[in-house]
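The values are calculated or read from the model by the stated rules, or taken from the named source; none is laboratory data. Since the model is a prediction, treat every value here as computed from it, not as a measurement. Here the Cβ is made from the backbone with ideal geometry for all residues, glycine too, and neighbour counts use every protein chain on show. Areas reflect the complete protein model, heavy atoms only, side chains present, ligands, DNA and RNA absent. Shrake-Rupley method; radii C 1.70, N 1.55, O 1.52, S 1.80 Å.
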Amino acid sequence: MDICISEDFEERLTAGGNREREDIELELLLEGVHRLYGYDFRNYALPSLRRRIWHFIHSEGLKSISALQERVLHERTCFERMVQTLSIPVTEMFRDPEVFRLFREKIVPLLRTYPYIRIWHAGCSTGEEVYSMAILLHEEGLYDKSRIYATDMNDRSLAIAKQGIFGIEKMKQYTKNYIEAGGTRSFSEYYTAKYNSVIFKPFLQKNIIFAEHNLATDRSFNEFNVIFCRNVMIYFNDTLRDRVHGLFYESLSRSGILVLGSKESIQFTEYSQYYEPMDRVEKIYRKMK
């Protein structure tokens, strides 16, 4: 008996086969990158990772993930370009001003009781939030007894952060954020304008340590009173998110503060029972156990 297969079914079968082949290619690429370079993207959220991979493929003039794998594994410079694509920096000074306003109101009083303050900005990108924290601590009279650790896996972003030089066209929005965050001075006091850029004052950097750290593979390196990690874990799958929450729990001192992004939460993780919310809306939590 002849079996008639519709054209629509054949198209769906082909599409399914293409997606399965693409998934295999992607898995091999990520495994190769991890084994050769030590960067682990295997537990990043697949939809956004897939989009960024294909964007990079097109920018390289290639046609498939397998072609990218061959180039990445044989050309380190190609791998380095890929890392820049997979870790696109998205940040700004005093981003989500309400978070920083609440930090002044609810967290600063706690920090005043400590003899020394350690703060970790994990996934700091190009450093705008790090300088925001330095300014806030300076205005509250806490900066001299503070140390800010700013880490990211993207060495180019860290290089920008270390310079403290940003586009002057951003200052209008940054000034607005600063005011809404409860800034007590003129924001322009903290930088010098030069040509089309601004350079933040050197004193803001004196207690900042910039360093490479990969949340997917690296371990805890100190004990912290505060950890900022905002809008980083939205790119991770559940496995990697659980790993990072474990890393943060291990790294926080008792009564330490964890600040997450607006689309992130401690809920539905095995660590939720160890925290109390200080502000559910702005995702500020205090470690209790």
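Below, the figures for the structure above:
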read-out: Listed residues SER255, SER188 arranged by accessible area, highest first, probe 1.4 Å; value: SER188, SER255
read-out: Residue-normalised accessible area of the chain, given per residue in Å² at a 1.4 Å probe; value: 51
read-out: Contact order relative to length of the chain, as percent, for alpha carbon pairs under 8 angstrom and 6 or more apart; value: 17
read-out: Accessible-area value, GLU276, 1.4 Å probe, nucleic acids and ligands omitted, Å²; value: 70
read-out: Sequence ranges 160-167, 211-218, ranked by mean other-Cβ count within 10 angstrom, highest first; value: 160-167, 211-218
read-out: Solvent exposure, largest accessible area first (probe 1.4 Å, DNA, RNA and ligands not counted), of ARG112, ARG95, ARG280; value: ARG280, ARG112, ARG95
read-out: Region 123-200, Rg to Rh (Cα coordinates; Rh as Kirkwood inverse mean 1/r); value: 0.96
read-out: Semi-axes of the equivalent ellipsoid for the chain, Cα gyration tensor, largest first, Å; value: 40, 23, 18
read-out: At q = 0.19, 0.25 Å⁻¹, base-10 log of I(q)/I(0) for region 202-265 (Debye sum, equal scatterers on each alpha carbon); value: -0.81, -1.23
read-out: Relative contact order computed over region 76-191 (Cα-Cα under 8 Å; 6+ residues apart), in percent; value: 35
read-out: Order of exposure, largest accessible area first, which applies to HIS121, HIS58 with probe 1.4 Å; value: HIS58, HIS121
read-out: Region 240-289 shape via C-alpha gyration tensor axes, a/c threshold 1.5; value: oblate
read-out: Cα Rg, Dmax (largest Cα-Cα span) when computed across region 65-222, Å; value: 17.5, 57
read-out: Heavy-atom accessible surface of the chain: percent carbon and sulfur, 1.4 Å; value: 50
read-out: Over region 57-105, equivalent-ellipsoid semi-axes from the Cα gyration tensor in Å; value: 39, 10, 7
read-out: At most 13 other Cβ within 10 Å, DSSP loop - GluC sites (Glu not before Pro), region 237-284; value: GLU270
read-out: Relative contact order, percent, region 142-274 [alpha-carbon distance under 8 Å, six or more residues apart]; value: 26
read-out: Nearest-10 value in Å² for the accessible area of ILE209, using the 1.4 Å probe; value: 60
